[in-house]
1. Out of curiosity, is residue 341 within 15 Å of ligand 1 (Cβ to nearest atom) and either at pLDDT below 95 or surrounded by fewer than 22 Cβ atoms within 10 Å (Cβ to Cβ) (or both)?
2. Just the residues that are more than 15 Å from residue 26 (Cα to Cα) and part of a strand (DSSP E or B), please, taken from segment 83-116.
3. Look at residue 322 and say whether it is within 16 Å of ligand 1 (Cβ to nearest atom) and either outside any helix (DSSP H, G or I) or closer than 27 Å to residue 427 by Cβ (or both).
4. Would you pick out the residues in segment 235-256 that are part of a strand (DSSP E or B) and within 16 Å of ligand 2 (Cβ to nearest atom)?
5. Restricting to segment 23-62, and then to whatever is part of a strand (DSSP E or B) and in contact with a helix residue (DSSP H, G or I) (Cβ under 9 Å, 6 or more places away or on another chain), can you tell me which residue is surrounded by the most Cβ atoms within 10 Å (Cβ to Cβ)?
6. For segment 579-587, indicate whether the set of residues that are surrounded by fewer than 17 Cβ atoms within 10 Å (Cβ to Cβ), modelled with pLDDT of 95 or more and not in a helix (DSSP H, G or I) is non-empty.
7. I'd like to know if segment 308-321 contains one or more residues that are closer than 30 Å to residue 745 by Cβ and surrounded by fewer than 23 Cβ atoms within 10 Å (Cβ to Cβ).
Ligand code: ARG
Ligand code: ZN
């Protein structure tokens, strides 16, 4: 039974649970083709003496028996989505037994088979596919779990907490009993059964607790767990140093799952990870892949305090744990990576995914007010914008105040299920700041636009800014209010030195000189200046806003050279490129090329060993170029995109080859910041070279592919030839596939690249890839590698004028909807950008969306997205 209900749930309807579950005992009897789950709940009415029925959630369960306090109970109804039990006393013990079929579970939610083993995924509401239970995060319970299974097929049996008993049973079976001392919501429950290879480590917390760290992966994959283990230890130490938070169990387990719907899951004491976020070696993970492993390990570990010890009252509060944990992960990543590169990448991600989301039909506040399918709200808005909101809060209250606020949060709410409001109140209490106006960031959807105009009066030495903020209406939110926007600003003199005179303004300024624009319009000025200064604004990306500020090319070039805030320095280059793109788009090629020449000169004048060079050379994607355009004329966008890329390649022609050759890295491969930067610079050079000197690029790429000792370089070689219509392209891809056919993670990258190639041939080329025997729709990584990449990153292919790109994607959405609605509802999203696409294409897109909407039995997941767009 799949969820096809379109019932809307509202935040304003929240009601506290009628029954609490003090203790939960689960017994799993894992059999061939079916599993029997017996659940015993110690129930207590939250208001004794009342008479309401108990409602338990359940999905796709076959109820075999129901017993209350040892007696068979008949006063109940099994309905759609749950079980209603009448006439219960204030306290009782309720036992149900159900049958489930993990082997047939293709949705990968609840208990499911992942190759030869079984794993769970319960967030947000997968636990109801395991047993009848109040499946909501504000019901916290202590768990004792017994797992019984065949001993040779499932030698390892894991659940949360501590293993308190294990023994052999008759018939070649065995069982293990696990107990988790910490009360938790059921979405943090986990179970794993299988045969694994294991890597073990040790960690001692500051207060002396010995923790055994155990990482599990498929047979033959054990040697790829080393980097994850190192990263885990780094994360544990980091949380002690930066937030004073220690781990609270004797064991920390992580299991790799090949078939997994998302990145990873923070189940208490037993994380389950997508293999792509856990396994790393030079042949199957790129530098970026290593970084993902480190960041995701940190993220899931940090959830132990922000998510597990303190959890969400309801799912509308998801950003309470996700925004905060992403923020902590980002802070961590800024300390272990180059902080400048880390921040640049955060902002690029936000602009590529969150800004479009916030401008499209699925725009929603960081704290949504309604949803149909909760899985659709694990979004860039809840995660990444949620993190930016916390970052702004820290800017407003100061670092020390923020840390005191976090201490108050942990003290007040440990062991509770709370709201975003509770979090903000704790930060206020710890810092003494008043955040009443700030709360609006959680409630309003959309990306604010900040406009800056400047004026220089040489006679008085006065530099004046006029600031303005606007926020366009979004669905259900016609009238927006101004939000407090922290703007970090600095002035530079014409030789690149900092101007230290203070800003004068009616606006509040923080101790660190950040101006808070909290009204529609305001002015800021500086007086007594000797010459016209150069303004840098939104330093460090101090707020998740779009900025409109016309600034002379020479000023931006000066900031590219002189800014000491690395983000702002990178951003000055981006603004030149984006302005050039806009010029070319409206037909002013000459103006655009002049800007790009200023950009190229500034890049060429920079020490190529500086990490920022690799970032600059990685020219914005077409999607990044279209961000902020109200109407998208696809053909014009593609032309302008091409002009910008070629012009940059020509402008840096001399540097590209020299820098390529100079970027040789050490052998054997090592993942470290400096080496990774060199590989990144080399890849970007090769990519640009292909634009202007294809022969040379092909020769270098062939050589690189043949000699590289790591996946990063191999991918750089394939990427460089990926858009070239030459026979070598097919040869190099074939050579890679011949060598790495058995490595799923490496082959995912191979699929990904071809999915975005300009010369792959549409629709036949993509369809051909989808017909390969190794295109397995049971493994979300593979589906995302092909159709996820196609939809999200192959702008020209998706928007083919005759609509075949839309049709291709829609076909896959329909196929996947029947198997795995969560994956399908992610794949469909690129088709919902139709409001911004111009002309016939909008109609063609709509036709495909209507075709999807017409499917009988369409999942609630896909229907919610498609309906919002239609
Ligand atoms: N809590 C997990 C994490 O961010 C992700 C869970 C996503 N769940 C989902 N149904 N999409 O670490
Ligand atoms: Zn998370």
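1. The answer is no for residue 341.
2. Scanning segment 83-116 gives 83, 84, 85, 91, 92, 112, 113, 114.
3. Judged against the criteria, residue 322 is a match.
4. 254
5. 56
6. Checked segment 579-587: at least one residue is surrounded by fewer than 17 Cβ atoms within 10 Å (Cβ to Cβ), modelled with pLDDT of 95 or more and not in a helix (DSSP H, G or I).
7. Yes, because at least one residue in segment 308-321 is closer than 30 Å to residue 745 by Cβ and surrounded by fewer than 23 Cβ atoms within 10 Å (Cβ to Cβ).
So that you can scan it fast, the table gives a plain yes or no per residue for (1) touching a helix residue (DSSP H, G or I) at 6+ places or on another chain (Cβ under 6 Å); (2) touching a residue at least 60 places away in the same chain (Cβ under 8 Å); (3) within 16 Å of ligand 2 (Cβ to nearest atom):
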site	(1), (2), (3)
325	yes, no, yes
331	no, yes, yes
335	no, yes, no
348	no, yes, no
362	yes, yes, no
366	yes, yes, yes
373	yes, yes, no
378	no, yes, yes
388	no, yes, yes
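The values are calculated or read from the model by the stated rules, or taken from the named source; none is laboratory data. Because the structure is a prediction, the values reported are computed rather than measured. As a convention, Cβ positions derive from the backbone with ideal geometry for all residues, glycine included, and neighbour counts pool all protein chains shown.
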